[in-house]
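Undergrad: Quick one: the structure is below, questions incoming.
Every number in this text was worked out from the coordinates using simple rules, so none of it is lab data. Since the structure is predicted, the reported quantities are computational estimates derived from the model, not experimental observations. Here the Cβ positions follow ideal geometry from the backbone for every residue, glycine too, while neighbour counts run over all protein chains shown.
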Ligand code: AP5
Ligand code: ZN
């Protein structure tokens with residue numbers, strides 16, 4: 001399947017995507033993770049993306065479309081994919097559809113992680129991540145066995161630089177202004193499934209499975 005996960009910061013996209021197990025799991029592309037890796041490695045892409053990311057604004061469409069265009073050429077992405085955090089503007093959605101059209105395919109399902117803004121600050125400020133695996137924890141909702149340490153590798157966990165209440169405000173603003181229109185764009189194509197993202201992680205996984213089997 002060719003899947004897109006859309007939702008505001010902290011809605012659970014990164015938490016659910018590794019749990020959506022199937023063939024297409026081989027190709028899980030999260031533009032935020034890819035950009036953070038580029039920033040950490042100080043590549044030309046990372047240098048261009050850093051400032052916007054720290055402010056909670058979107059990086060330019062050209063930069064992210066370039067990343068996705070490159071990544072989708074991988075053999076593992078031919079059968080299907082999960083896109084987490086892309087497309088985030090209508091221009092990105094149109095570019096993606098153009099790429100898929102050339103391959104004679106299209107997006108099968110867009111999972112819309114619907115959640116009230118008021119819940120997101122607690123989710124975002126309590127998040128800890130293990131950068132190399134992408135494993136995500138939460139001080140209250142998904143605590144690691146040892147505070148600040150990854151359960152599997154024993155390596156330290158970090159907090160994202162943009163996970164502050166102040167930066168969250170701009171990220172939410174960008175979501176409502178630039179990304180919500182993408183949901184309308186795909187609604188018109190009849191491929192959107194709305195998920196109640198306020199439920200517990202397990203319940204949300206069950207909802208994802210239900211949406212994918214229908
Ligand atoms: P990105 O990395 O995509 O960040 P985001 O969209 O803000 O989303 P998050 O990663 O914050 O949320 P999530 O839904 O994955 O939440 P998670 O599952 O971790 O983008 C970062 C930046 O990169 C952007 O601001 C932009 O600058 C740039 N960028 C990226 N893509 C771009 C694009 N296409 N175009 C332009 N710019 C782009 O969950 C959060 C916390 O909640 C965790 O601690 C988790 O344990 C907990 N949690 C999860 N589910 C539940 C639950 N059901 N109940 C309780 N707690 C839960
Ligand atoms: Zn994420």
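Undergrad: For the residues 152, 182, 167, what sequence is obtained by ranking on other C-beta atoms within 10 Å, fewest first?
TA: The most exposed by this proxy come first: 152, 167, 182.
Undergrad: Mean separation of Cα pairs under 8 Å and 6+ residues apart, divided by the residue count of the chain: what relative contact order is that in percent?
TA: Details: 316 pairs, mean separation 66.0, N = 214.
Over the chain, the number comes to 31 percent.
Undergrad: Answer rounded, prolate or oblate for the chain, using the Cα gyration tensor with square roots of eigenvalues a ≥ b ≥ c: rounded when a/c is under 1.5, else prolate when a/b is larger than b/c, else oblate.
TA: Verdict is rounded for the chain.
Undergrad: Using alpha carbons only, how many angstrom separate the centre of the stretch 168-191 from the centre of the stretch 25-95?
TA: Value for the Cα centre distance between the two parts: 17 Å.
Undergrad: So, one more: Would you please give the FRET efficiency between residue 106 and residue 141, computed as 1/(1 + (r/R0)^6) with r the Cβ-Cβ distance and R0 = 35 Å, to the nearest 0.05?
TA: Details: r = 35 Å, r/R0 = 1.00.
That pair, residue 106 with residue 141, gives E of 0.50.
Undergrad: Follow-up. Just the number, please: percent antiparallel of the DSSP beta bridges in the chain, rounded to the nearest 5. Don't skip to the end; give the middle numbers.
TA: Numbers: 7 of 23 bridges.
Given both bridge residues lie in the chain, the antiparallel proportion sits at roughly 30 percent.
Undergrad: Treat the count of other C-beta atoms within 10 Å as a stand-in for reagent exposure and order 202, 50 from fewest to most.
TA: 202, 50
Undergrad: Taking the Cβ of each residue in 6, 183, 124 as the centre, tally the other Cβ atoms inside 10 Å and list the residues starting with the fewest.
TA: Ordered from fewest to most neighbouring Cβ atoms within 10 Å, 6, 183, 124 come out as 183, 124, 6.
Undergrad: Also: Can you give the translational diffusion coefficient of the stretch 1-102 in µm²/s, computed by Stokes-Einstein from the Kirkwood radius over Cα pairs at 25 °C and 0.890 mPa s?
TA: Details: Rh = 14.1 Å.
Taking Rh from Cα pairs, D becomes 174 µm²/s.
Undergrad: While we're here: Taking 41 Å as R0, compute the FRET efficiency from the Cβ-Cβ separation of residue 161 and residue 212 and round it to 0.05.
TA: 0.80
Undergrad: Here's another thing I want to ask about it. Sum -39500 (n - 2.57) across every DSSP H segment of at least 4 residues in the chain, then divide by the residue count to get the 222 nm mean residue ellipticity, nearest 500.
TA: -12000 deg cm²/dmol
Undergrad: Quick one: pull the percentage of alpha-carbon pairs in the stretch 167-214 with a separation above 16 Å.
TA: 57 percent
Undergrad: Using a cut-off of under 19 Å, list every residue of the stretch 1-34 whose amide N is near the label point 7 Å from the Cα of residue 133 along the Cα-to-beta-carbon line.
TA: Once the point is set 7 Å along Cα→Cβ of residue 133, 13-22, 25-30, 33-34 turn out to lie under 19 Å by backbone N, inside the stretch 1-34.
Undergrad: Just the Kirkwood number for the stretch 79-131, please: inverse of mean 1/r across all distinct Cα pairs, in Å, one decimal. Mind dumping the intermediate values first?
TA: On the way: mean 1/r = 0.0719 Å⁻¹.
One decimal place: 13.9 Å for the Kirkwood radius.
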